[in-house]
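Asks: Quick one: this structure, given as C-alpha cells, is what I'll be asking you about.
The values are calculated or read from the model by the stated rules, or taken from the named source; none is laboratory data. Note that the structure is predicted; figures quoted are calculated from it, not measured. Ideal geometry is used to build each Cβ from the backbone, glycine not excepted, and the neighbour counts take in all protein chains shown. The accessibility values were calculated without ligands, DNA or RNA, using every heavy atom of the protein model including side chains. Shrake-Rupley method; radii C 1.70, N 1.55, O 1.52, S 1.80 Å.
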Amino acid sequence: MAMVSHAGDGLDDLEDAQIVAASLRDPEKFGELFSRHASRLHAYIRRRLGSVLADDLVSETFAIAFRQRERYDGRADFSAWLWGIASNLIAKHHRHETRMYRAFARTGVDPAEDGVAERAGDRAEAAVLGPQLARALASLGTQERNAVLMLAWGELSYTEIATVLDLPLGTVKAKIHRARKKLRKALPLEMSDE
Amino acid sequence: MNELDALRRMRTVLAQEEHPERLAQRIDWQAAAKTALPPSRRGFKIPLMFAAATLAAGALVVYVQSDVVSGRSTAVVPQGNVLLVAATNAEKAPFGKYWHTKTIMGEINAVGPTVANHYKVDSRQGNEAYTDRNGMGVQMFVDFADVPLTAQDRKKWQAAGSPEWVPIPDPIGLGRVLKLDMSARNQSAQGWWMPTGDSFHGLTSTQIADLPTDPKALENVLLGLEGNWRAYSSKAEVEPIRALRGQERVRALSDVVTILLSKAPAPPAVRAAAWRVLAAQPGVQAAGRATDPLGRTGSVISLPLETTVPLGLFTAPQQLGKYHRQLIVNPDTGILLAIVDRVASPPRGRREIGSGDDGRPRVLEAKNMPDRFSRPGDLASYQAFEVAEWTNTPPPN
C-alpha cells in the first residue's frame with residue numbers, strides 16, 4: 001500500500017495497527033491513517049464511480065472505520081480492512097456503476113469522467129476501447145468486478161484482494177480469470193490474440 | 001496488449017491521486033464520524049469480514065403479476081383515506097432493535113425490432129440490510145440475472161433460442177449495441193455481509209431518529225436538506241429542496257420521504273409523519289389497488305413525475321417519454337411495498353443533447369429507447385421492498 005506521512009507528529013515510525021490502538025485514547029491520531037490511505041483509495045473509488053461519489057464514499061469509509069476501530073483486531077492489514085469497508089460502500093452503488101458503464105458503452109461518453117474531460121489529453125485510445133470494456137464491466141457480477149478492478153485499478157495483489165474480500169485465494173483467482181475472459185471477448189480480435 | 005492492460009488505460013484521468021491534505025480540506029470524515037454516532041452509544045457487533053454467503057437459488061425471484069405489468073387497477077379510494085390510514089397504522093407498527101430491509105430493483109428494456117416482434121426484459125439487482133438505531137449495520141448485495149418480464153415475454157425469448165446475451169439499441173444514436181445478461185448462472189445470488197454506511201439523502205440514523213413527528217415541522221426540516229436535486233443540470237449545484245419549484249420540488253421531497261418509508265431506520269412516529277407529508281403534496285393522488293412486482297396487493301398512490309432518472313447524476317436529459325411514479329402501500333400496516341415507475345406518454349421524436357466528451361453529437365431518438373414499444377401505463381422500472389420492518393432478531397453472522 002502507498003504511504004504518505006507527515007514529519008513532526010511522532011507517528012511516522014508507528015505501524016497502522018499501532019496508530020489504531022493509539023487512536024482509542026487519542027482520536028485525533030486517526031487522522032494519520034487518513035493521510036496514509038485516503039489518496040489511493042480516493043483515486044480508486046473515483047475511477048469506479050466518478051468524482052462526486054468518491055468524496056462521499058471516502059468520507060463514509062473513514063467515518064465507519066473510525067467508529068468501528070475498536071473492532072479492528074490487527075489480524076488483517078489495516079489497509080485491507082479499510083478497502084473492505086470501501087468495497088462494500090462501492091457495492092451499494094452497483095446499480096449506478098453499471099448504469100454508467102452501460103451509458104459509456106451505448107454512447108461512447110463516459111459519465112464517470114463528467115467534468116474532468118477537459119483535462120484529458122490523449123483520449124483517442126480510451127475512446128476506441130473504453131465503451132467495449134465498459135460493456136463487459138457492466139456484465140460482471142459484484143465480486144468479479146470488485147476483484148478484477150482491485151487488480152487493474154487498485155493495483156492490489158491477489159493475496160490482498162483475497163484479504164479485502166475475505167475469500168479464499170483460489171476463489172479470487174477463479175473470479176479474476178472469469179472476469180478477464182469476459183473482458184477479453186470485448187476486445188478486437190487482433191488485440192486479444194496477442 | 002491484453003485485457004488487463006486495456007483496463008489499466010481506461011479512465012486514467014480519474015486515477016490521478018490527490019495529495020491527502022487537499023483531500024482532507026474537502027472531505028470532512030471526522031464530522032461524518034461524529035454526526036453518525038455519538039461515542040457513548042454502541043451498536044451491535046459487526047462481522048467485519050464475512051465469508052461469501054450464497055443465497056439459495058430463486059430465493060428472491062420476482063414473480064411479476066399481470067396487472068402490475070399492464071398497470072390496470074381497480075376501486076378508486078379517496079387519496080386522503082389511504083395515506084392517512086397508512087400513517088395511523090405506521091405509527092402503531094412495532095418498533096425494534098434493527099431496521100431490516102430486502103430490496104429488489106428492476107429496469108424494463110424492450111428487445112426486438114418492432115411492436116409485433118419484441119419482448120421485454122427485466123434487468124434486476126437487490127440488497128438486504130440491517131441497521132440499528134445508532135446507524136450501525138450490515139448489508140449484502142444480491143445479483144440477479146436479467147429475466148423476461150412476463151410469461152408471454154419468456155415464450156418469445158425461448159422462441160428466439162433463449163439467448164444468454166440479448167442486444168438492445170443505443171438510446172443516444174451512436175450505433176453501439178448494449179447487451180443484457182440473461183445467463184442462468186447468475187440466477188443464484190451471491191454476496192457477503194459488510195458494514196453499511198449511514199447516510200440517507202444526507203441524513204444519519206441518529207438525525208432520522210430525532211426528526212419531528214409533526215408533519216409540518218418534518219416537511220420544513222426536509223425542505224432544508226441540501227443536495228443536488230436536479231434530474232439534470234450542466235453543473236453540480238448544491239441547494240436546499242425549498243429552492244426548487246413545482247414538480248421538481250415534489251420529486252425531490254418525495255425521494256427523501258420514500259427513503260424514510262423504505263430503507264432508512266425511521267421510528268414508527270417519523271414514518272407516520274412522512275406519510276402525512278406525502279399526503280399534503282400537490283398532484284399526489286390515490287389510484288385504486290394493484291399488485292406490486294412481488295405479487296402483493298396494495299393501494300396505489302400516484303405521483304406526477306416527468307422523468308424517473310436518479311437525481312443529481314446527469315448533465316443532459318436521458319429520456320424522451322414522460323413517466324409517473326406509483327407508490328404501492330399496504331394501508332393496514334403502513335408499509336411501503338414498492339415504488340413503481342410507469343410510462344405516462346411513450347417516447348416520441350428526437351432530441352439533440354449536444355456533444356459528448358469525444359466530440360460526437362448525441363441524439364436521443366424514440367426508436368432507440370428501452371420503452372420504445374411501451375403503451376401508457378406500462379412498467380418502466382421499480383423498487384420492491386420484500387421486507388421493510390423493525391425487528392429484534394439480529395442479522396445473521
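Asks: For the stretch A:140-155, just list the computed ³J(HN,Hα) in residue order, Karplus coefficients 6.51, -1.76 and 1.60, θ = phi - 60°, integers in Hz, with x standing in for Gly and Pro.
Replies: These are the phi-based 3J(HN,Hα) values: 7, x, 3, 6, 4, 5, 3, 5, 6, 7, 5, 6, 7, 9, x, 6 Hz.
Asks: Okay, next question. Starting from the 7 Å offset along Cα-to-Cβ, what nm value, one decimal, do you get for the label separation of B:V238 and B:L4?
Replies: Simple spin-label model gives 3.9 nm for this pair.
Asks: Next question. How do B:T101, B:T114 rank by accessible surface area computed with a 1.4 Å probe, from largest to smallest? Could you put the intermediate results ahead of the total?
Replies: Working: B:T101 5, B:T114 60 Å².
Highest to lowest solvent-accessible surface, that is B:T114, B:T101.
Asks: Continuing with the same structure: Keeping all protein chains in the complex and leaving out DNA, RNA and ligands, what accessible area do you get for A:K29 with a 1.4 Å probe, in Å² to the nearest 10?
Replies: Roll a 1.4 Å probe over it and A:K29 shows about 60 Å².
Asks: Here's a follow-up. By per-residue mean of other Cβ atoms within 10 Å, what is the highest-first order of B:16-24, A:141-149? If you can, show how the numbers build up before the last one.
Replies: Values: B:16-24: 15.8, A:141-149: 24.7.
Put in order of decreasing packing, that is A:141-149, B:16-24.
Asks: Return the FRET efficiency for the residue pair B:R22, A:D13: r is the Cβ-Cβ distance, R0 is 22 Å, and the value is rounded to the nearest 0.05.
Replies: Working: r = 25 Å, r/R0 = 1.14.
So, using R0 = 22 Å, E works out to roughly 0.30.
Asks: List the lysines whose Cα lies under 20 Å from the Cα of B:K179, skipping any in the same chain that are fewer than 8 positions away.
Replies: Within reach: A:K181, A:K182, A:K185, B:K120, B:K155, B:K156, B:K367.
Asks: Give the ranking of B:D214, A:D26 by solvent-accessible surface, highest area first, calculated with a 1.4 Å probe.
Replies: On the way: B:D214 80, A:D26 55 Å².
Largest accessible area first, the list is B:D214, A:D26.
Asks: Can you tell me how much longer the chain between B:E389 and B:T333 gets when fully stretched, taken as 0.36 nm per residue apart minus their C-alpha distance, in nm with one decimal?
Replies: Details: separation 56, 0.36 × 56 = 20.16 nm, distance 1.02 nm.
Separation in residues times 0.36 nm, less the Cα-Cα distance, equals 19.1 nm.
Asks: Treating the beta-carbon of each Lys and Arg as +1 and of each Asp and Glu as -1, no other charges, what is the dipole magnitude of the stretch A:15-92 about its Cα centre, to the nearest 20 debye? Walk me through the intermediate numbers first.
Replies: On the way: 12 positive and 11 negative charges, 58 e Å.
I would put it at about 280 debye.
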